[in-house]
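Below is one structure; the comments refer to it alone.
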Amino acid sequence: MASPPPPDEPRSNPSPSPPPDPPPGQGRQGPGPGTFGGGTPGYAAPERDSGPSGHGAPEQGPGLIGPGPCFGLPGPVPARLGGRWRRLFAGILDIIIVSLISSPFTYRTYGTILDIESGVFVRIPIQHTLLAALVGFLYYWLLTAFWNGQTLGKKLLHLRVTDVSGQRVGVGQAALREAASWVMYATCCLGWIDLAFILFNQRKQALHDIVAKTLVVDT
């Protein structure tokens, strides 16, 4: 008598092959009923582009330093431009401080000239301000370059000078900024034009800021 045939052994199911990569422009298929694009089911939403820094593209709010033709940056710098009124009051405070510091270096002498109409020599006073101007230049230059971009007035009003990328201003850059400022103030009415640029420039830059590629921002 023939023996019954052995029962069939269970066959192991082969491991499922991974799903193929989706076509370019679509997200990978997710486990849930995600949507992509125009509502195609079965695809998860694409991830946000992390950008060059890997932390996502920062949002640009009002008053932020944004990218521009002179910035050369991939995104905005997280700093706010200093207010125009606070810059004005900081400048007035610095002028008062510089006047007090430089007053001992301002002196007066007298000279004589010939008055052609009367034919006599006339004594006239001569005010010497070269040393006082040098003291003022050193005040603005050294404090801006070595004190985190701040003079005493800017420190009190929570402002500082940076380069256009938001980094600390260099020594030569601070010297160029102050030299351009002093030349404009000493040349007729260019000093007023220099200050007027703050009112109309998008990044609130005066002419000496444009020359030195600097900005005044909040601290």
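Overview of results
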item: Residues that are crowded, with 19+ Cβ neighbours inside 10 Å and among the hydrophobic types (A, V, I, L, M, F, W, C), drawn from the stretch 199-215; result: 206, 207, 212, 215
item: Options 194, 163, 115: the member that is among the acidic types (Asp, Glu) and either out of contact with any strand residue (DSSP E or B) (no Cβ under 7 Å at 6 or more places or on another chain) or under 19 Å from residue 92 (Cα atoms) (or both); result: 194
item: Filter result (farther than 14 Å from residue 166 by Cα and among the charged types (D, E, K, R)) within the stretch 185-203; result: 194
item: Boolean, residue 79 is surrounded by 14 or more Cβ atoms within 10 Å (Cβ to Cβ) and modelled with pLDDT of 90 or more; result: no
item: Residue count, the stretch 164-203 (criterion: free of Cβ contacts under 8 Å to residues at least 24 places away in the same chain and of a type in the set (Ser, Thr, Tyr)); result: 2
item: Which listed residue, of 168, 177, 84, 160, is touching a helix residue (DSSP H, G or I) at 6+ places or on another chain (Cβ under 8 Å), among the basic types (Lys, Arg), at pLDDT 90 or above and surrounded by fewer than 18 Cβ atoms within 10 Å (Cβ to Cβ); result: 84
item: Any chance residue 144 is touching a Phe, Trp or Tyr at 6+ places or on another chain (Cβ under 9 Å), of a type in the set (Ser, Thr, Tyr) and either assigned to a helix (DSSP H, G or I) or over 26 Å from residue 98 (Cα atoms) (or both); result: no
item: Failed condition for residue 124, given (1) under 17 Å from the mean Cα position of the chain (by Cα); (2) exposed (fewer than 14 other Cβ atoms within 10 Å of the Cβ); result: (1)
item: Qualifying residue in the stretch 153-160 (condition: assigned to a strand (DSSP E or B) and closer than 30 Å to residue 217 by Cα); result: yes
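The values are calculated or read from the model by the stated rules, or taken from the named source; none is laboratory data. Note that the coordinates shown come from a computational prediction; the quantities given were computed from them, not determined experimentally. With ideal geometry, Cβ positions are generated from the backbone for all residues, glycine too; neighbour counts draw on all protein chains shown.
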